[in-house]
Amino acid sequence: MFAISGAAGLGYQMVWTRMFAFGLGHEWPAMLAILAAFFAGLAIGSVALDRPVSRARNPGLWYGGLEIAVGVWALVSVWLIPAAAGTGAEGIGLHPSVFRHWTVAFLVPFLILLPATIALGATFPAMERFVSRTPGNERCAGGLYAINTLGALVGTLGATFVLVPAVGFGTSLRFLGVLSILCGLGVIFIERRFSNCPPAPLEPSRNQGVLISPTRLRGTVFMTGLLGVGFEVLGIRILAEVFENTIYSFAAALTVFLAGTAVGAGLYQRFKRRLVGPAALSALLFGLCVACLSGAWILSRAQPLYNHAVASLGDGLLPRVLAEMVVATAVFGFPTLLMGAVFAKLVQSARRSDGGIGEATAWNLAGSAAAPILFGVCLLPAIGSKWAMVLVSLGYLALLPRLSRALGIGLVLPAGLLWVLPASFHAVQAPPGGAVLELREGAMASVAVVRNFDGNRSLLVNNRFAMGGTGAASAAQRHADIPLLLHPDPKRALFLGVGTGITMGGAAVYDGLEVDGVELVPEVLEVRSHFEPFNQLRPGMRLHVADARRFIRATKTRYDVIVADLFHPARDGAGALYTVEHFKGVRERLEPGGLFCQWLPLFQLDEASLRVIVRTFLEVFPEARAFMLRWTIDTPVLGLVASLESRTYAPDWFETRVQGADLQQSLKNATLGDGFQLLGTYLKGASALAEFSAGAELNTDDRPVVIFKAPQFTYRRSETPYGRLLELLDRSAGRAEEIVKNDGSPGAKRFITELNQFFEARNRYVHGLVADSLGEKKEALEAFLESAGLSVRFSTSYAHCLSIAMRNAKNDPAGARSLLERLAQVQPQRPVAAQLIERLGDAP
C-alpha cells in the first residue's frame, strides 16, 4: 500500500508542477517556487499531525483517512489549479520584482495544494507508527522509506512514459486520486481486521539520546535535506548541457536519484544493527562528502560519457533515455545510496519515546523546500555550478558529529578530489578554428556565444539549442519581414522569443512601428551585444524578460502583428507554446485585422508532431495559411500565418506596401526584393492544411501531446531534416489564385500565371537539393535545370547552375560549357549563361 502511495505521490508532484507552470510560467524561479511550495506543505503536515498520529490507538485509521483526503483533493485540483494558476499569472504581472515573482509563484501553489500536501506529509509518520506496532518491525523507518521511494520511482516512469501521454493531466489526477482513496480504504480494512491484536511494545531507539543532542540532530536532519536536494538541483541543471533537455531527460535523472535513495534506505534497514552510534553517522557523512565530490568530477566529464553510452546503446527514444540514465547513475548513484542511508538513520534516531518520527521528517522536508531557491536561484548564478557543488559536498563534512583519527587522515581524499576538479563543468567547447566568446551561467540555463571559423557568431543555450547567429542573419530577418509585409499597415508588433535579437532587430526599418520582444532566459539578452549591428534597436522597441504564455495572459496591449519565433518543440516546456489555450490567448491580443505568425522548425519535428501543431493552430485560426521561410533543406522552416480578416493580395501589394529606401534595401539584403519573392513563400491554404492534419490530436493544456511526441524525433538522429518539407510540397501544392486578388485585368492574370510558375520552379529546386544531398548529382542537376526553365522570376536555380558551372570550369571546362549551354537554352531571357560561355571560349 505504501509503495502505491509513493507512486501516486510522485505522480501528483509531477502533474501539479506542470499544471501550475502552464499558468505561472516556466521561468526557473517559478518552477523552483512550485517545488518549494510542495515540500513546505509536506513539512507542515509531517510536524502538525505527528503527535496526534503517534498517540493514536489506531494509526491505520489515521493513515487511511489521510490517503483518502489526498485523493479527494486531487480530484478537486483538476478544476482548481487552472483557475488559480491564471489568477497567479495576473498577480505576477508583466514586470515583477524578483521578490514579487517568487512570492506569488510560491504562495499560489502552496495555498492551493496545502490540504493535499499536509495529508501527504503525515502519511510517512502514520505508516511508520502503524507498522512499528507489529512484532519485529519496531524500527522500520528505513524500510518504509525505501518502499515508498521505490513506489515514487515507478510513479515517475509511469506518469512520464505511460499515464500522462495517454490520458493527459486531468484524467491522470483522477486516476491517481482514486488510487489514493483505494489505498486509504485498504489500510483501514487492515487496521479494523487486526485491531484486536495486541501491539508490540515500543522499542526505544538504540541511538536516541546517545547519538548527538536533540538540537544538533534536528539541525543535521534539516541540513541533509537541504544538501541532498541541492545536489539534485545542481546536478540536473549541469546535466542539461549534456542531455537532450526533454521531459524524458528529467524523468531519467529523477528515476536514478530515487532508485539510489531507495536502495540506500533499504540497505540501512538491512544492516541497521551494525550502523549504531555517532561513529557510523560520521562515516556515512564523510562518505557523502567524498561521493558528492566524485559525482562532481564525473559531471565535468559527462559529455564524453554520454557520447559513449549513445554509441553503445544506439538511436531512438528508449536507447537515448537509457544512455541518460547511465550518465545519471554515474553522477548520482553513490551519493544517493548514502543519502538514503543517512536519512533513514537520522529519522530512526530522532524517533520519540511515543513513536513519532514526524518532527524529524518535517525538518528534512523543510531543508528540501529551501534547497531549490538557495542553490538553484541564488548560489548557482552567484558562484557558479562548480563551487556550488563543492559547497554541497563540504557541507556534509561540517555535519560530522565527531572527527576520528581515521577520518582526519581520510581528509586527504576530499582534498585530492578538490584538487583534480576542473576549472569549469561546462560542456561548451570552441569549434575548430573558433572560440567561446562569452559564457554566462544563469539560474535557468547556461548561455554561450561561440565564434565559428568563418568569424560568424552563434548563440547556444545549454550547449544543445542553437538560437541563431550572424551567419543566418538574412534568414532571421525574414522571420520578421514576411509577417510584417503580409499586414497592410502594422503599428504595433510583438515578438515571442528574442534569441540573438536579429529577427526583432529586422523590424527596426519599419517606420513608426512600436515593437515588444519577450525572452524567457535573461542571460540571452545580456549577450546581445555580440550580434550587433544586426540586432540594434531604435526608440519604441522594448525588451521584456518573461515567459511568453504568461506575458500574453498578463498584457493588456493589443498588437497588429504577433510573431512567435522558433521554439524548439522537444525542449521541456516548449510544447506549452503550441496549445489551443495559448493560441486563443494570442488571438485575444490581436487588433481587428491583426496577423499572427507561428514559425515551426521542420528540421526538429516529425510528421506526427507537425500534424498535431497544425491541427491545433487550425482549431483557433481556421483560415490559416502556410508559408516557407526560404528554400533550404538543411534547416527548413514553416510559418503558420493567420489573420482575423480574410485577406488577398493585389499584384502590386509589395510595391504599395514597401516605402522608404532603408526598408527597400533591407528587403533586398533578405532576398525579398519584389512581390514574387514575398508571395512566392506561400505554400498551402487552410483546406490543404486541414487535409494534412486530419485525424491528428489536439495539443491542449490538459493534454500537451507535443511535449511527449516531439522528443521522439530528437532522439532519432537518423531522421532527415527535410522529410516534413517534402511531405508538404508533395501534397496538394498551393496555388496563386488562393492568395492573389484577381480583378480580371491582364496584369492580375499575368501575375497569377507567373506566380504559379514560381511555385513550380521553387518546388522542383527543393527536390534537386534533396537529390544532391543523397549524392544523386545527375538527377539533382536535371532538377535545377528544369527549375530554371520553369520560371524567369525564380532566379535561385539559375544562379545555382551558374555556380556549379564556374566551380567545375577549371577541372572540367567541357562539362561546364555544356551546362551553361543547356542553361542558356532553358532560360534564354537571362543573359549571364551566354556571357559566361563567351568567357570560357576566350580562356586559354
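The values are calculated or read from the model by the stated rules, or taken from the named source; none is laboratory data. In this text the structure is predicted, and so the values were computed from the model without any measurement. Cβ: placed from backbone, ideal geometry, glycine included. Neighbour counts: every protein chain shown. Accessible surface is based on the protein model in full, side chains and every heavy atom, while ligands, DNA and RNA are left aside. Shrake-Rupley method; radii C 1.70, N 1.55, O 1.52, S 1.80 Å.
Couplings 3J(HN,Hα) for segment 483-488, derived from phi with the Karplus relation 6.51 cos²θ - 1.76 cosθ + 1.60 (θ = phi - 60°), are x, 5, 6, 7, 9, x Hz, where x marks Gly and Pro. For segment 58-66, putting each phi into the Karplus relation 6.51 cos²θ - 1.76 cosθ + 1.60 with θ = phi - 60° gives couplings of 10, x, x, 5, 4, 4, x, x, 5 Hz, in residue order, rounded to whole numbers and with x for Gly and Pro. In the assembled protein chains, ASP701 presents an accessible area of approximately 40 Å² (probe radius 1.4 Å).
To put it simply, the accessible area of segment 469-552 at a 1.4 Å probe is 51 percent carbon and sulfur. Each Lys or Arg adds one and each Asp or Glu takes one away; over the other residues whose Cβ falls under 14 Å from the Cβ of GLN829, this sums to +1. Expressed to the nearest 5 percent, the antiparallel share of DSSP beta bridges inside the chain is 55 percent. Among the listed pairs LYS556/LYS741; LYS668/LYS777; LYS556/LYS668; LYS709/LYS778; LYS272/LYS386; LYS668/LYS741, those whose Cα-Cα separation exceeds 28 Å are LYS556/LYS741; LYS668/LYS777; LYS556/LYS668; LYS709/LYS778; LYS272/LYS386.
Using C-alpha pairs under 8 Å with a sequence gap of at least 6, the mean separation divided by the residue count of segment 1-89 gives a relative contact order of 50 percent.
Put simply, segment 529-598 fits an ellipsoid with semi-axes of 22, 18, 11 Å; these come from the alpha carbon gyration tensor as the roots of five times its eigenvalues, largest first.
The mean sequence separation of alpha-carbon pairs under 8 Å and at least six residues apart, normalised by the residue count of segment 803-844, gives a relative contact order of 31 percent. Go through (1) 63, 29, 23; (2) 67, 36, 28; (3) 59, 29, 23 and flag the label whose value is the computed semi-axes √(5λ) of the Cα gyration tensor in Å for this structure. Given (1) 63, 29, 23; (2) 67, 36, 28; (3) 59, 29, 23, the calculated one carries the label (3).
Heavy-atom accessible area for VAL586, with the other protein chains in place and a 1.4 Å probe, reaches approximately 0 Å². Spatial offset of segment 276-310 relative to segment 378-439 amounts to 11 Å, using the alpha carbon center of each. One Cα centroid belongs to segment 556-603, the other to segment 768-810; the line between them spans 36 Å. Estimated from helices alone, the mean residue ellipticity of the chain at 222 nm is -20000 deg cm²/dmol (sum of -39500 (n - 2.57) over DSSP H runs with n ≥ 4, per residue). Solvent-accessible surface of the chain, averaged per residue with a 1.4 angstrom probe and all protein chains in place: 38 square angstrom.
Packing, taken as the mean count of other beta carbons within 10 Å per residue, orders the peptides 239-247, 497-505, 525-533, 91-99 from highest to lowest as 497-505, 239-247, 525-533, 91-99.
The relative contact order of the chain comes to 12 percent, based on Cα pairs under 8 Å that sit 6 or more residues apart.
Nearest 10 degrees is fine. How inclined is helix 164-193 to the longest principal axis of the chain, computing both from alpha carbons? Rounded to the nearest ten degrees, it is 10.
Measuring r between the beta carbons of PHE99 and SER803 and using R0 = 56 Å, the FRET efficiency lands at 0.45. With the highest mean first, a sort of the peptides 588-594, 385-391 on other beta-carbon atoms found within 10 angstrom per residue produces 385-391, 588-594.
Restrict the search to segment 1-101; then list the GluC sites (Glu not before Pro) that DSSP places in a loop and that have at most 13 other Cβ atoms within 10 Å of their Cβ.
Numbers: sites: GLU27, GLU67, GLU90; in loops: GLU27.
Loop-located and lightly packed - none at all.
Protein-only accessible surface at a 1.4 angstrom probe places the residues HIS308, HIS568 in the order HIS308, HIS568, largest first. At a Cα cut-off below 15 Å, give the aspartates and glutamates reachable from LYS584, other chains included and same-chain residues fewer than 8 away excluded. Within reach: GLU619, GLU623, ASP701, ASP702.
Couplings for segment 333-349, taken from phi via the Karplus curve 6.51 cos²θ - 1.76 cosθ + 1.60 with θ = phi - 60°, read x, 5, x, 6, 4, 6, 4, x, 5, 5, 4, 4, 5, 5, 5, 5, 5 Hz in order; Gly and Pro are left as x.
When peptides 477-487, 428-438 are sorted by average Cβ neighbour count within 10 Å, with the highest value leading, the order is 477-487, 428-438.
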